[in-house]
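In what follows, a single structure is set out as structure tokens and then discussed.
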Number of protein chains: 2
Amino acid sequence: MTVADVARAAGVSKATAARVLGGYGTVSDRVRAAVLSAAKALDYRPNELARSMTTGRSGTIGVVVGDIENPFFSSAVRGIADVARLAGFNVILTNSGEEIAAEKAAVKTLVAKRVDGLIVSPARDSDIEHLRDIERSGRPLVLLDRAVESLRVDAVTADDFQACEAVTRLLIDEGHRRIVYLTACDTPGHRFETLDDLYTGSVRARVAGFLKAGAEAGIEAMGGFVKLGALGAERTRAQARDLFEAALPPTAIIASDSLIALEVFRLARELGLQLPRDLSLVCFHDADWTSVTSPPVTVIRQPVYRIGETAARLLIGRLKGEGNAPAHVVLDTTLIARGSVGPAPAEGRSGARETRLRHPV
Amino acid sequence: MTVADVARAAGVSKATAARVLGGYGTVSDRVRAAVLSAAKALDYRPNELARSMTTGRSGTIGVVVGDIENPFFSSAVRGIADVARLAGFNVILTNSGEEIAAEKAAVKTLVAKRVDGLIVSPARDSDIEHLRDIERSGRPLVLLDRAVESLRVDAVTADDFQACEAVTRLLIDEGHRRIVYLTACDTPGHRFETLDDLYTGSVRARVAGFLKAGAEAGIEAMGGFVKLGALGAERTRAQARDLFEAALPPTAIIASDSLIALEVFRLARELGLQLPRDLSLVCFHDADWTSVTSPPVTVIRQPVYRIGETAARLLIGRLKGEGNAPAHVVLDTTLIARGSVGPAPAEGRSGARETRLRHPV
DNA sequence: TTCCTCAATGAGACCGGTCTCTTTCAGATT
DNA sequence: AATCTGAAAGAGACCGGTCTCATTGAGGAA
């Protein structure tokens, strides 16, 4: 059933029927009624594709995130979806699995599908030609959670630097000296050397804060405590096990996301470690479970839903023609102190602890 | 940059250029090379919209779920997305917020956008005209997690009846007699009367199992223990509070999803209830946090990711022309016994317990 | 040599909308 | 009465692909 069919049934021209059905131009009430009833009788449904093709607008925004299963992203996506729906936009969601190749493919298809704009949480900020391509195609782009300095586009992130600096300082004040920052981010050599190795904007900001707090407290080789590659439950577990079994295990761990924190928590419990006596744990992202464990986990609450909302608002603003300079919106975080952080154990006890570790329950 | 532009630059006809770019028909190697290099030079990007319009296929599947933030759905969506990507399909995701109006609107737009097929987790199975519309439009539909008897379409669910019957029986065997099934599903009167009141397929199956186990054990008025309307944290909390403050509070609660279980767990702890001594708790869905609480929560593990995968496979099979009769795939669940279930408290102790409840910590 | 086949290419219709450009004509203006 | 104005409707181009059908010519069969 097309406009032409309806027009024929209503005894008017295709152009007139299109005016009624498309809601533009001027039509007399009599004709309008005739067309509408013909449309109803024929069960006419507009073809959004054809409409998009001529108008150039699809009413759709494309979203590329690392992992929908990560509650961080699902919450952000929910924020995006809610704002989009209210503004009359649809969302095409794609999952990159944090793989740059998948991300590139996703961006390519979304542009080919002529989405009106994109929200991307880039897997790495060194490889961004495909993001530049978006700009070239004339579509607005908003970065989600991860800023990329060299791109002049809108970005919405949490204040990762400040948050991580503050929480590191907190741990230092509690007497911790061996504090590990554990992230899914990775380098070819799987070792952290310099900040530039970190290809994820948010992680780089956090590690910068981490290093700064460490340097100010005079802790040497803080960089050696940045541990990479905790992507997926298995690898996270392996990383955590390595940490716990080291000659000098960390007394505190900052987990870069709630999935990592969960695995660390789980393994620590399995190994018989008591929080916070044997290990202090902090988690980036106030995932729902962090408040119900024993002890509950100290978290940095990021306004995730709002990050998504803000990104969507920014994008839709651009689509409506707002021509402001690109903005990097930084949202404040809240440190929520719970029971998983305590004073560092006295060094003398570490021997006993290691024994227990070698014979896990 | 269009096919015509590339054709002109390469000195061939539009049809030939289209053949090269679209990968169909036969073209000589010499011409192919010329067209491809012209396309590269002009930075040609195909317009998927135009392609879809003529072919009638969009390479996109539409997904409508109740709530992306619910880990149950994000996991299922991940399954769908992974299978879709491998098969070369995109996913348009929409969130109904469990509201039938939003669901209808979503279906309408997806059909208008000419998605090739849909995967829907219907908010209620009484109001399904819009689902019938999908069939009428000639697109395959697969129901996710919630079957609708009156629709002759594919559906993928867990074995909810069996699972709930088994877990109810387990609780009964532990001596529980006041067992509450708490769900987000609701009725106009907010009270459970008959199975037909429940408009969500999965919940109805579970409650049927719940009632059967109760009836077999000779428990009267099992229907009175079905509690509705636990949608969102606040309402769940309110419902749970009502339960705990009743003259005869339940000794066991079966939570219909992990969000509900989390709120119940949280409130129970706040009120000073000890699990499983004062309350046994079972949760539908093996959410990640359920294994790290103290005690960990007994769950019914549903193969959620596989439910999503299977739904996507079924849909893509139909798109590829498989004409089998509609199948209702029922996947097995696993009861994972953890520490949150224990024997029912002796009735004599209930007085003491009520006192504690009236003066919560 | 003549006829046939088939690969390679071109011309142009088509998908289902939007939108510009015209034409028509009722009512207001002078 | 003649002219002007603008609302209402129609005709047809256009968006950017796909695809059918027609045309050409090289190589094989008879």
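The table below gives the values:
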{"read-out": "Per-copy distances of the A:R30 label point, shortest first, in nm (7 angstrom along Cα→Cβ)", "value": "6.6"}
{"read-out": "Accessible area buried at the A-B interface, both sides summed, 1.4 Å probe (Å², nearest 100)", "value": "4200 Å²"}
{"read-out": "Per residue, the convex hull volume that the Cα atoms of the protein assembly as shown enclose (Å³)", "value": "194 Å³"}
{"read-out": "With all protein chains modelled, accessible area of A:M222 [1.4 Å, Å²]", "value": "10 Å²"}
{"read-out": "10 Å-binned pair-distance histogram of the stretch A:3-46 (Cα, whole percent)", "value": "36, 61, 3"}
{"read-out": "HN-Hα J in Hz across the stretch A:227-241 - Karplus 6.51, -1.76, 1.60, θ = phi - 60°, x for Gly and Pro", "value": "10, 10, x, 7, 9, x, 4, 5, 5, 4, 4, 4, 4, 5, 4"}
{"read-out": "Nearest-first distances (nm) between copies at B:R45, label 7 Å from Cα via Cβ", "value": "2.9"}
{"read-out": "Highest-first arrangement of B:316-325, A:248-257, where packing means the average Cβ count within 10 Å", "value": "A:248-257, B:316-325"}
{"read-out": "Within 10 Å of each Cβ in A:105-114, the average number of Cβ atoms from other chains", "value": "4"}
{"read-out": "Degrees, to the nearest 10: B:258-270 long Cα axis against longest axis of chain B", "value": "30 degrees"}
{"read-out": "Packing-based order for A:301-312, A:85-96, using average beta carbon neighbours within 10 Å, highest first", "value": "A:301-312, A:85-96"}
{"read-out": "Teacher prompt: A:R235 distances to equivalent labels in other copies, 7 Å Cα→Cβ, nm", "value": "4.1"}
{"read-out": "Fully extended contour minus Cα-Cα distance, from B:A41 to B:A101, at 0.36 nm per residue", "value": "16.8 nm"}
{"read-out": "Rounded accessible area per residue of the protein assembly as shown, 1.4 Å, Å²", "value": "42 Å²"}
{"read-out": "Antiparallel DSSP beta bridges within chain B, percent to nearest 5", "value": "10 percent"}
{"read-out": "Gap separating the Cα centres of the stretch B:65-124 and the stretch B:245-305, nearest whole Å", "value": "28 Å"}
{"read-out": "Accessible surface of the stretch A:3-46 [probe 1.4 Å, protein heavy atoms]: carbon and sulfur percent", "value": "54 percent"}
{"read-out": "Crossing angle, helix A:304-319 versus chain A [Cα axis fit, 0-90 degrees, rounded to tens]", "value": "40 degrees"}
{"read-out": "Cα-based helix-to-principal-axis angle, A:100-112 vs chain A, degrees rounded to 10", "value": "20 degrees"}
{"read-out": "Nearest-20 debye value, the stretch A:1-115 charge dipole, Cβ charges on Lys, Arg, Asp, Glu", "value": "780 debye"}
{"read-out": "A:T2 accessible area, assembled protein chains, probe 1.4 Å, Å²", "value": "70 Å²"}
{"read-out": "Extended-chain gain in nm, criterion 0.36 nm per residue less alpha-carbon gap, A:A327 and A:T55", "value": "95.1 nm"}
{"read-out": "Residue closest to axis [chain B; rotation mapping onto A; Cβ; Å]", "value": "B:W289, 1"}
{"read-out": "For the stretch B:210-280, diffusion coefficient by Stokes-Einstein and Kirkwood Rh (Cα), 20 °C, 1.002 mPa s, µm²/s", "value": "167 µm²/s"}
{"read-out": "Derived scalar couplings ³J(HN,Hα) [the stretch B:170-177; Karplus, 6.51 cos²θ - 1.76 cosθ + 1.60; whole Hz; x for Gly, Pro]", "value": "4, 5, 4, 4, 7, x, 6, 10"}
{"read-out": "DSSP beta bridges in the protein assembly as shown [antiparallel fraction, %, rounded to 5]", "value": "10 percent"}
{"read-out": "Test item: A:192-202 mean partner chain Cβ contacts at 10 Å", "value": "0"}
{"read-out": "10 Å Cβ neighbours from other chains, averaged over peptide A:48-54", "value": "6"}
{"read-out": "Residues whose placed amide H lies under 5 Å from that of B:L231, excluding near-sequence neighbours", "value": "B:T236"}
{"read-out": "Net charge contributed by nearby residues that have their C-beta within less than 12 Å of B:T55 (K/R +1, D/E -1)", "value": "+1"}
{"read-out": "Interchain or long-range residues, amide H under 5 Å from B:A155's placed H", "value": "B:L143, B:A327, B:H328, B:V329"}
{"read-out": "Filter on A:K104/B:K320; A:K40/B:K113; A:K320/B:K14; A:K104/A:K212 - keep pairs with C-alpha separation over 25 Å", "value": "A:K104/B:K320; A:K320/B:K14; A:K104/A:K212"}
{"read-out": "Residues in the stretch B:230-267 that, when all protein chains are in place, have 20 Å² or more less accessible area than the chain alone would give (probe 1.4 Å)", "value": "B:L262, B:R266"}
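The values are calculated or read from the model by the stated rules, or taken from the named source; none is laboratory data. Just so we're clear, the structure is a prediction, and the values are computed from it rather than from any experiment. Every residue, glycine as well, gets a Cβ built from its backbone with ideal geometry; the counts of neighbours run over all protein chains shown. With ligands, DNA and RNA removed, areas are computed over all heavy atoms of the protein, side chains included. Shrake-Rupley method; radii C 1.70, N 1.55, O 1.52, S 1.80 Å.
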